[in-house]
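Some notes on the structure that comes next.
Please treat every number below as a calculation from the coordinates, not as lab data. Keep in mind that this is a model prediction, so the values were computed, not measured. Methodologically, a virtual Cβ is constructed for each residue, glycine included, from the backbone with ideal geometry; neighbour enumeration extends over all protein chains shown.
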Amino acid sequence: RYVDEKRIVVNVQLTNLTNKPLDYLEGFLLERNSSRKLLDEKRVILTAGYEASLETGFASTRSVSYAVGKGKPNTYEFVISKLKFFGESKIFTWHPKAGYIRIE
């Protein structure tokens, strides 16, 4: 969403559609130019362990601000890097083809 000619705000919203509450969820917001070259990545924590768990059906939203460049608009993509279910010590990552992959 454009704030003005110089700033854009990207909102990342994730809804928990699993059957378990999420205790921790983080990922990276990737900024790419029109030719898909990676320009920047920012770490985004949607749900931290010290906050209330993200229950099934509920959503968490974070916003990140970027400077507007010249030329064609950039694209933004959120990629999940870590997630932890409530009451479990295992940490997973997510892959669109493989699903959950345990990393710790």
Point to revise | Distance from segment 75-104 to segment 22-66 (C-alpha centre basis), Å | key: 12 Å
**Study point:** Fluctuation leader among Tyr66, Tyr50, Tyr76 - the chain, Gaussian network, Cα springs under 10 angstrom
**Key:** Tyr50
Study note, to complete from the structure: PRE zone check, label point 7 Å out along Cα-to-Cβ of Glu5, amide N under 16 Å, scope segment 31-67, hits 67
Check your understanding: For Glu77 and Asn19, FRET efficiency with R0 = 25 Å and r from the beta-carbon atoms, rounded to 0.05?
Key -> 0.45
Practice item. Would you mind checking the pairs Lys20/Lys90; Lys37/Lys97; Lys6/Lys70; Lys20/Lys42; Lys37/Lys70 and listing those with alpha carbons more than 18 angstrom apart? Key: Lys37/Lys97; Lys20/Lys42
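Going through segment 58-104, which trypsin sites (Lys or Arg not before Pro) have at most 14 other Cβ atoms within 10 Å and a DSSP loop state? Numbers along the way, then the final one.
Values: sites: Arg62, Lys70, Lys82, Lys84, Lys90, Lys97, Arg102; in loops: Lys70, Lys90, Lys97.
Those satisfying the criteria are Lys70, Lys90, Lys97.
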Practice item. Mind sorting Leu22, Leu54 by how few other Cβ atoms lie within 10 Å of their own Cβ, fewest first? Key: Leu22, Leu54
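Within a 10 angstrom radius of the beta carbon, how do Ile103, Ile45, Ile80 rank from fewest other beta carbons to most? Before the final figure, lay out each step's value.
Values: Ile103 11, Ile45 15, Ile80 18.
Arranged by neighbour count, lowest to highest, Ile103, Ile45, Ile80 become Ile103, Ile45, Ile80.
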Practice item. Can you pull the one-decimal nm distance between simple spin-label points at Lys70 and Phe86, each 7 Å off the Cα toward Cβ? Key: 5.1 nm
